Amino acid sequence: MLRNISYSKEKDLYISLFYDLGFHADWKDAQGKKMLTAPEDLLLAYIEHAKKYPIYRIKINEDGSVITDCYELLDNFQPELEKCYAGVDELPKWVQDKLAVLMLLDHNQHDQEVETVGRRISENIFWVFIGESGGDNT
């Protein structure tokens, strides 16, 4: 399934997206070779997105603290967000605004995306999209 992805960073991103989107691993094919199975067109679409614009992964912990990660395949990219925040109110306003929209989505529905805003992955994990104008594009 990873045949269309040639670089290690892309493969790592593919696997991160795979698990975030809730797909499961079918670890062996008929020959016993380790494999991952998922709708490859969806995963590759996010890979292509990450080549143009970063996707921030925001996780809100039970204690209210926030952990961020950045999915990107850009040259010389420096993330705008810190790795950890004490709470959502410490995030930049543009992230808070996008999270406010995404929190309206049902976390049990796994196929919901708001164009230019992001995607709710689970009850406490969100993807925030960045567009052409950077973080302040709400």
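The values are calculated or read from the model by the stated rules, or taken from the named source; none is laboratory data. Every value quoted in this text rests on a predicted model; they were computed, and no experiment measured them. We place every Cβ from the backbone using ideal geometry, glycine too, and count neighbours over all the protein chains shown. Ligands, DNA and RNA are stripped out before the accessible areas are found, and what is left, the full protein with its side chains, is counted by its heavy atoms. Shrake-Rupley method; radii C 1.70, N 1.55, O 1.52, S 1.80 Å.
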Next item on the list: Work through the residues other than S65 whose Cβ is under 12 Å from its Cβ and net out their charges, Lys, Arg +1 and Asp, Glu -1.
Entry: -3
Note to self: Net charge within 10 Å of L91 by Cβ-Cβ distance, Lys/Arg positive one each and Asp/Glu negative one each, not counting L91 itself?
What the structure shows: -2
Margin query: Amide H of G118 versus every other amide H placed in the peptide plane: which residues, excluding those fewer than 5 positions away on the same chain, fall under 5 Å?
Written below: F129
Margin query: With a 1.4 Å probe and all protein chains left in place, how much of the accessible area of region 48-89 comes from carbon and sulfur atoms, in whole percent?
Written below: 44 percent
Notebook entry, point to check: If you add up the charges near P79, with Lys and Arg at +1 and Asp and Glu at -1, over every other residue whose beta carbon is less than 10 angstrom from its beta carbon, what do you get?
Noted result: -3
Checklist line | For region 109-119, 3J(HN,Hα) per residue [Karplus equation, 6.51 cos²θ - 1.76 cosθ + 1.60, θ = phi - 60°, Hz, x = Gly/Pro] | finding: 8, 8, 10, 10, 9, 10, 3, 6, 9, x, 8
